[in-house]
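Q: A single structure is presented below for examination.
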Amino acid sequence: MIKAWIEAMRLRTLPVSLAGVATAWGVAISCPTGYSLKVVIACCLFALLCQISSNFANEYFDYKNGLDRPGREGPRRGVTEGDITPTAMKNATFGTLAVACMIGLWIAYQGGWWLIGAGILITIGVIAYSSGPYPLSHHGLGEIAVIFFFGIIPVNLTVYVATGVFMAEALLLSVAIGVMGANVLIVNNYRDIEDDRAVNKRTLAVIFGQQAVSKIYMFNGLLSQAVMIPIWKKMEAGWIISAVYLLIHVILWRMLTSRHGSALTPVLGMTAVTMFVFSLLFIAISII
């Protein structure tokens, strides 16, 4: 049972939410007015719980809508395979989201009550990704949602709440992290294309095909480092980070285009980890 719940959390994808807040921490470190570490930690917990809730919701609503079937590619789906009851998954989804919202209220208390509006938008996004009248993940909008909810929103808002100011560097980094996160979803949908096509789940891979989304994967990696150029002009050590990232990115792209089915699951995990390592290296050079 515990293994089924851990699988439902999709640990391979969790570095995506951690990377956004970690990158924001790197930006906050360089803020001349200082920053609040406890706020950064709270934002990290909030982002992590929101992603876990979204992963639970994806499994519950895909099962409810008949989009999952036993033996599909990718991680084992606990509800579909009978390891977890639908009711338990539904309760876990909204229970986890409720805890995230409580942390979000404390963050709003620290940074301004207008942030409740942003919290409501994020909460809606958690559910709207897989459910509602127009589920984003079912209509080719999943990658765009990831760019906003795992890149632009968490990086910029974490920097603001932690420092009290918006910073231009945060905007550039939020785009970089956002498209890196979108690549994780691209690998997921590239792997699951046959299962998704069979149930008419119109992901970007289903709509445009594997060859097209593999090119988007490559483009996103290049774009993520292109937007970093203005920042690296001020932080010369950053060029090394970009070089390492691009080298790994090309290797992962070659793996993406040469593997099929469940063999792509490690590529998904490595794409997410590469993104997180990028954020940690950014913290390192910010401290130096």
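The values are calculated or read from the model by the stated rules, or taken from the named source; none is laboratory data. Computed from a predicted model, the values in this text were never measured in an experiment. Quick reminder, even Gly has a Cβ in these numbers, built from the backbone with ideal geometry, and neighbours come from all protein chains shown. We work out accessible area using only protein heavy atoms, side chains counted, and drop any ligands, DNA or RNA first. Shrake-Rupley method; radii C 1.70, N 1.55, O 1.52, S 1.80 Å.
Q: Could you check how many residues of the stretch 132-148 are open to solvent by less than 40 Å² (accessible area, probe 1.4 Å) and farther than 24 Å from LEU173 by Cβ?
A: Counting residues in the stretch 132-148 that are open to solvent by less than 40 Å² (accessible area, probe 1.4 Å) and farther than 24 Å from LEU173 by Cβ gives 4.
Q: Given the residues VAL159, VAL126, which is the only one that is modelled with pLDDT under 95 and buried (at least 23 other Cβ atoms within 10 Å of the Cβ)?
A: So the residue among VAL159, VAL126 that is modelled with pLDDT under 95 and buried (at least 23 other Cβ atoms within 10 Å of the Cβ) is VAL126.
Q: Would you be able to tell me the number of residues in the stretch 1-26 that are of a type in the set (Phe, Trp, Tyr) and either more than 18 Å from SER174 (Cα to Cα) or open to solvent by less than 10 Å² (accessible area, probe 1.4 Å) (or both)?
A: Counting residues in the stretch 1-26 that are of a type in the set (Phe, Trp, Tyr) and either more than 18 Å from SER174 (Cα to Cα) or open to solvent by less than 10 Å² (accessible area, probe 1.4 Å) (or both) gives 1.
Q: Would you mind finding the one in THR274, THR265 that is under 20 Å from the mean Cα position of the chain (by Cα) and more than 22 Å from THR23 (Cβ to Cβ)?
A: THR265
Q: Within the stretch 2-72, considering only helices (runs of 4 or more DSSP H) that don't extend past its boundaries, which have at least 2 residues that are without any contact (Cβ under 8 Å) to a residue 40 or more places away in the chain?
A: Hits in the stretch 2-72: 2-9, 37-64.
Q: How do the helices (runs of 4 or more DSSP H) wholly within the stretch 168-239 filter down when requiring 3 or more residues that are buried (at least 20 other Cβ atoms within 10 Å of the Cβ): which remain?
A: 168-191, 204-208, 210-226
Q: Just give me the residues in the stretch 240-259 being open to solvent by 20 Å² or more (accessible area, probe 1.4 Å) and either in contact with a Pro (Cβ under 6 Å, 6 or more places away or on another chain) or in contact (Cβ under 8 Å) with a residue 40 or more places away in the chain (or both), in sequence order.
A: THR257 - this is the single residue of the stretch 240-259 that is open to solvent by 20 Å² or more (accessible area, probe 1.4 Å) and either in contact with a Pro (Cβ under 6 Å, 6 or more places away or on another chain) or in contact (Cβ under 8 Å) with a residue 40 or more places away in the chain (or both).
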